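Notes follow the structure.
The values are calculated or read from the model by the stated rules, or taken from the named source; none is laboratory data. This is a predicted model, so every value here is computed, not measured. We place every Cβ from the backbone using ideal geometry, glycine too, and count neighbours over all the protein chains shown. Ligands, DNA and RNA are stripped out before the accessible areas are found, and what is left, the full protein with its side chains, is counted by its heavy atoms. Shrake-Rupley method; radii C 1.70, N 1.55, O 1.52, S 1.80 Å.
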Amino acid sequence: MRRVSCARVLPLALLLVTLAAVPADAGAGGAGADGAGVGAGVSAAGTVDAVRGEAARAVRAHETARARVDRLRAADALPTKIKSAERRRKKIRADLWDMLWAAGRATGDPVAVNKSGRGGKCAFQSRSKKKGKSKAKTSASAKTPKAPKTPKAKGTDKATAEKKAGATARSWTAPTRDYWLSAGYAASGARWAHRHTGQDFAVRTGTPVYAVGPGTVRATTCGDGFGNQVVVRHPDGYFTQYAHLSRIDVRAGKRVEAGQRLGLSGATGNVTGPHLHFEVRITPYLGSSVPPLPWLRRKDVRVVR
């Protein structure tokens, strides 16, 4: 658990007082979930805008600091310069994390309160089906003798395995297939209390949803405006969110690879129709999102419009 720094006491107090009256699906420091009511909890528009603005400024500062670190590394700068720039980036991220974690706890955001999803009635894939399949495989293998292994040259297996492992670690992909892009990042309209925080992929209910890259499942939750959702942490420190799922196929803490199925698309939560809501965040919490398509392009993923 992270502790809130003293430098954040005043802004954080303001945030908690303000957001106490804001529904969880309206968001903290960002846009509400799809279909959230217009103006929900924004009677004190000036105060809410100030809180939202603080989170937005922190996000921009983080991305500027991250770009600086990348430039220094590309220019083969002195290690001391890179470390200094990286410390600044991490400090900005830690402060934003503290603020949004506290806001999430205050507003009942399930990612901050119940990241395992066990406290709700999330639509997880049935484990009994998995057990049944494994038993069937075991009995079948017991009856059928295994074919003898073909001998291979020493060193070939290891080299091939390392090559495959390296390709898996480097590969990134789009979060779903057979889609068309609907609402984009920062879009405004009658469906959201504020601006849209992610990219929507319009797909039919039941379409497989994949992890865009390797990482660890941070949260699998349900019950708020995002419906059934999965949040994955990646090696670069960013998080990706997959929302409005009809079913979740993974659990919090599970390691996943690029292209591994996380669940099936759906229309849970506040939506006007079936689609995948995809976000890229600096922290696991709403209010720290960055433009997802440019982020995917940095991973050599080309999303077709």
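The figures follow:
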{"read-out": "Charge context of THR207, other residues only, Cβ under 12 angstrom, K/R +1, D/E -1", "value": "+3"}
{"read-out": "Across LYS121/LYS299; LYS83/LYS115; LYS91/LYS299, pairs whose alpha-carbon gap is larger than 29 Å", "value": "LYS121/LYS299; LYS83/LYS115"}
{"read-out": "Probe 1.4 Å - accessible area at SER126, Å² to nearest ten", "value": "50 Å²"}
{"read-out": "Trypsin sites (Lys or Arg not before Pro) within the stretch 209-291, DSSP loop, no more than 12 other Cβ atoms inside 10 Å", "value": "none"}
